[in-house]
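Chemist: Have a look at the structure that comes next, please.
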């Protein structure tokens, strides 16, 4: 695992916002303790690792992407690039409305791409270029070997929330009794709280505005967070 950005894994040491296209290309937003990166006004972000890494055995790249609902994705791009070493060979993966997977708006897109890093024994830089400034957030950016690890970060117990995106009623099913649940908006403001004390229950979310939310659930001394789109 080479984690560039994730709460679930230990991230490699880096200059995460190296200023390739200017200062402050990204900003970290913490929602219910879950860190998510907001892509700001510049057209690119550069990540420069403190030390080169032998990435030659890694086969896949994962990232979760959320684009603001209602965004016109015509000609929109979200491009990801490995750089072997400063000024060295580069491997770029381009995401748009015609790519596989295709960019979508208003829901979390879980992207798993096969990559050939055979010659990347000195992986040192990673770039993101996009014209979706101030309209895109991302999470869980990492390279891995073999089987995808899924859209949700590692959690202490299993839970299913549906439908997602949701309209009026959110259904929750967990393997153990959930003591409390809180829903937070992208600014970290708590917008709903409940104490179901049940393994399966429903929440009325009809009054929530359209957008991205995080759902935090607690069961005894265990806690997990999952993403929700309204």
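Chemist: Which of the residues belonging to the range 75-106 are crowded, with 16+ Cβ neighbours inside 10 Å and in a loop (DSSP other than H, G, I, E, B)?
Modeler: Within the range 75-106, 76, 77, 84, 103, 105, 106 meet the criteria.
Chemist: Mind checking whether some residue in the range 113-125 is modelled with pLDDT under 90, within 19 Å of the chain's Cα centre (by Cα) and over 14 Å from residue 81 (Cβ atoms)? Full working, then the answer.
Modeler: Here is the first cut: in the range 113-125, the residues modelled with pLDDT under 90 are 113-114.
If we keep only those that are within 19 Å of the chain's Cα centre (by Cα) as well, we get 113-114.
Adding the requirement that they be over 14 Å from residue 81 (Cβ atoms) leaves 114.
Looking for residues that are modelled with pLDDT under 90, within 19 Å of the chain's Cα centre (by Cα) and over 14 Å from residue 81 (Cβ atoms), one finds at least one in the range 113-125, hence yes.
Chemist: Let me ask something else about it. Output the number of residues of the range 95-111 satisfying the condition of being under 11 Å from residue 63 (Cβ atoms) and touching a residue at least 60 places away in the same chain (Cβ under 8 Å).
Modeler: Counting residues in the range 95-111 that are under 11 Å from residue 63 (Cβ atoms) and touching a residue at least 60 places away in the same chain (Cβ under 8 Å) gives 1.
Chemist: Which numbered condition in (1) loosely packed, with under 15 Cβ neighbours inside 10 Å; (2) more than 16 Å from residue 143 (Cα to Cα); (3) in contact with a strand residue (DSSP E or B) (Cβ under 6 Å, 6 or more places away or on another chain) is the only one that residue 41 fails?
Modeler: (3)
Chemist: Further, regarding this structure: Kindly list, by first and then second residue, each pair from a residue in the range 39-58 that is not assigned by TED's automatic domain parsing to the domain that holds residue 120 to a residue that is surrounded by fewer than 16 Cβ atoms within 10 Å (Cβ to Cβ) and modelled with pLDDT under 90, limited to pairs with Cβ atoms under 9 Å and residues at least 6 apart or on different chains.
Modeler: none
Chemist: Of everything in the range 211-222 that's part of a strand (DSSP E or B) and in contact with a strand residue (DSSP E or B) (Cβ under 7 Å, 6 or more places away or on another chain), which residue is surrounded by the fewest Cβ atoms within 10 Å (Cβ to Cβ)?
Modeler: Once the filter is applied, the top-ranked residue is 218.
Chemist: Can you name the condition, by its number, that residue 17 falls short on among (1) more than 17 Å from the chain's Cα centre (by Cα); (2) free of Cβ contacts under 8 Å to residues at least 40 places away in the same chain; (3) not in a strand (DSSP E or B)?
Modeler: (1)
Chemist: Restricted to the range 193-210, and to residues that are crowded, with 16+ Cβ neighbours inside 10 Å and under 27 Å from residue 104 (Cα atoms), which residue is modelled with the lowest pLDDT?
Modeler: Out of the qualifying residues, it is 208.
The values are calculated or read from the model by the stated rules, or taken from the named source; none is laboratory data. Here the structure is a predicted model, which is why all the values come from computation and not from measurement. Using ideal geometry, Cβ is built from the backbone for each residue, glycine included, and neighbour counts are taken over all protein chains shown.
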